[in-house]
1. Would you mind working out the magnitude of the charge dipole of the stretch A:106-187 relative to its Cα centre, with +1 at each Lys and Arg C-beta and -1 at each Asp and Glu C-beta, to the nearest 20 Debye?
2. Apply the Karplus curve 6.51 cos²θ - 1.76 cosθ + 1.60, θ = phi - 60°, to the phi angles in the stretch A:279-286 and return the couplings in whole Hz, x for Gly and Pro.
3. Could you state the number of Å between the C-alpha centres of the stretch A:351-421 and the stretch A:67-82?
4. Rounded to the nearest 20 Debye, what is the dipole magnitude of chain A about its Cα centre when Lys and Arg each give +1 and Asp and Glu each give -1 at the C-beta?
5. Could you work out the mean count of beta carbons from other protein chains within 10 Å of each residue's beta carbon in A:157-165?
6. Shortest first and in nm with one decimal, please list how far the A:Asn24 label point sits from its counterparts in the other copies (point 7 Å along Cα→Cβ).
7. Okay, which of the stretch A:311-344 sit inside 13 Å, backbone N to the point 7 Å along the Cα-Cβ direction of A:Ala115?
8. As an exercise, use a Förster radius of 35 Å and the Cβ-Cβ distance of B:Val148 and B:Thr192 to find the FRET efficiency, rounded to the nearest 0.05.
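Just so you know, all these numbers are worked out from the coordinates, no wet-lab data involved. Everything numeric here is computed off the predicted structure, so don't read it as measured data. All Cβ positions, glycine included, derive from the backbone under ideal geometry; neighbour counts span all protein chains shown.
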Number of protein chains: 2
Amino acid sequence: MTSLKIGVCGLGTVGSGVIKLFNNHQGLIQQRCNADLQLVHIGARRDNAGCDTSRYRVSRDIFEVVRDPEVDIVVELIGGTTVARDLVTQAIQAGKHVVTANKALIAEFGNELIALAEQAQVALRFEAAVAGGIPVIKVLRESLAANVVSGVAGIINGTGNFILTEMANAGRSFDDVLAEAQALGYAEADPTFDVDGTDAAHKLVILASIAFGIPLDANAPIMEGIDTVTPEDLNFAKELGFCVKHLGIARRCGDAIDLRVHPTLIPSNRQIARVDGVLNAVMIEADAVGEIVLTGPGAGSLPTASSVCSDLMDLGKVLNHTKIDPAPILGVPSDQLQALPLVPRDEVSGVWYLRLVVEDRPGVMADITGLLSERGISIESLIQRPPVAGSSQVTVVILTDSVACGRLDAAICDMESLPALSGSVVRLRVESFKEV
Amino acid sequence: MTSLKIGVCGLGTVGSGVIKLFNNHQGLIQQRCNADLQLVHIGARRDNAGCDTSRYRVSRDIFEVVRDPEVDIVVELIGGTTVARDLVTQAIQAGKHVVTANKALIAEFGNELIALAEQAQVALRFEAAVAGGIPVIKVLRESLAANVVSGVAGIINGTGNFILTEMANAGRSFDDVLAEAQALGYAEADPTFDVDGTDAAHKLVILASIAFGIPLDANAPIMEGIDTVTPEDLNFAKELGFCVKHLGIARRCGDAIDLRVHPTLIPSNRQIARVDGVLNAVMIEADAVGEIVLTGPGAGSLPTASSVCSDLMDLGKVLNHTKIDPAPILGVPSDQLQALPLVPRDEVSGVWYLRLVVEDRPGVMADITGLLSERGISIESLIQRPPVAGSSQVTVVILTDSVACGRLDAAICDMESLPALSGSVVRLRVESFKEV
């Protein structure tokens, strides 16, 4: 039985979860991977009160773990892309296998790290980097390996989904729910990446790379945050039969790739529309399997640790028999990844939800619908609310037919130049997906 | 690059799907498993008109495939447990790896076949045997390897789910929908195994073995079919806020295992309640991850072939580097599986739906509720319908609190001896699951 020694760097939410699983399930872990997989060394700048590290060597300098000749596998759980990048680079260069939960690191520096790992013939695995406890990377990379994947769409940021769910169910404002999410520990002290879509974009880039065999490109996705979604929009969406979710969408469009993260109206009867709170869900559409949907906890200490440990145990199993991780890191060897062009933002077609506030007087609606018509944009549904008592303004909500984004931009520009319009036009994308 | 030659036995629904994937995706399959994985030999008693086999050697005697010295991996897709058992046994004894989609074979003869495969140091994989295109075996065996699994529950027979969905949505009778399912090719000419729960029980036994580390025992599950479910029960269930699904349930109860397949009332707002038609869904509850749900096509030519090919490609990847499949077939080596006692049927506790037809006269309801009360069974909800014009009988529906099955049996026996009761008491189990 091969003996494999593990060093864990980082003792935060995920790190402490991994330590707990090794503390509690050591026998089960060894039995199931049939290898003597031992946690030996922890690198952490400070202790974590909830986590018993007494059985392990602990270093305050996390690089001690990389320098430890006994350590075969380095687990990077410190997050961020500066120290983590150095740490992973040095680990690979020292001939150690690496497991990480760091989506930003993989999305932004994955290409260089994967090339290094392939050269050094060490493993680099990151199941926990996307959708926490949901094994979406394994499913895409291994289970659907005989499929041509046409699309991946998911709720891949639990914080954002918690905020939208609370806003929709309790009619609360974005700021109010965000404050609660921070108090509950769902959102970071700086929640920017959760709110503006950066975190979801990192995860989407990793999924797209595996799904389509393209290099990682952290800057590729079109990105829109959830901070512009109002309870009013959630109510109108509901009235029209939709839920609003912050989706990451990756689609193959001919020989180009469409990558987007944005708040999205989804028909309420779709499975993914019912994934609420901090849950994540990923839909995968592929030619042989059709569609599969994976739902589960997208974050959290033990769910994410479960994914980290599955990577470690997969390595335990194969390194028992061979020195090389037989699974290509992104599904194919990195020199066989093929960059594909992105669909230009203007050419991305879709259905849109528009909300505008206009003067309540004759001719205004004719002006608006006329402008849309001039741009060849059809109206699928329209709601006009009577003015609030004492107000001379009415709210109009329009659901368009499918239209290229560039043409919609032009129509909105036209509308916003109408004197009868107050403020700017709120716009949200609509995705119907297939009925499953 | 290792060259691996594949022989496929069986050219039915799944076999023809596998051939199609090899015909259409040969380049992709080779690239992604980085092995020269070639289909070379097909064994089938007759051609399949929809399937181009011109590139391959075809034998009418399927055992020719096993005897072919060129073949490294035998794919068994003939179904059944007689010839298939001989075929797989001989393939293993000839030192060939085996991939199969045959749940009956694995559930009934898996213990002996796995022991043979371990002895011969060949792989035996069967992702396609459970839930078609949903990679539930890989997820349980690999992704959740660091978890103690407490329960698995799923809709794992697409035919049964199609029938119940149609009955519920269109108010049609069981016989009527079954005939349509047969015409559509969902149900076999002999649909007994789909209807009585045998097919689902086979799949459940495989899942339970991996989830709990227990030997396969095809006779373990308590089994109830869907042929006793009436449109009337589906309507009452709906009124009470439930859907009816044919579920396979495997639960760890202390040191015992509870295994059951039966029609089940599930609260309509649960995710699994919304899995309709031929879709399958599997929920897994485990200590680290919490709960994950996998949904997708549970049958069909290409979805099932997708799972067969993922097994082949996993083997392609590892056999590139080592002669041995490093993944224990049931999650742990078979000599480490530990049999656990089954919870006796009488002791399985749960909530029940009861429907009875009684004389519409004073005192009858008092008799019924009194009998339940004498057995210590509380009533959670009760519906009594006014008698149909001209009838002297009323239908009563009762939702009990949780009660052991043995005690309920006794109460039903008491009720059925009441002269006011007409016919027998209809009983269905209720499972609430956790809100996700």
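1. Values: 4 positive and 9 negative charges, 58 e Å.
So the magnitude is around 280 debye.
2. 5, 10, 8, 10, 9, 10, 10, 8
3. 54 Å
4. Details: 35 positive and 53 negative charges, 226 e Å.
Dipole magnitude for chain A comes out near 1080 debye.
5. On the way: counts 0, 0, 0, 0, 0, 0, 0, 0, 0.
Taking the mean over all residues of the peptide, I get 0.
6. Going from nearest to farthest copy, the values are 4.4 nm.
7. A:334-337
8. Details: r = 36 Å, r/R0 = 1.02.
According to the calculation, E is roughly 0.45.
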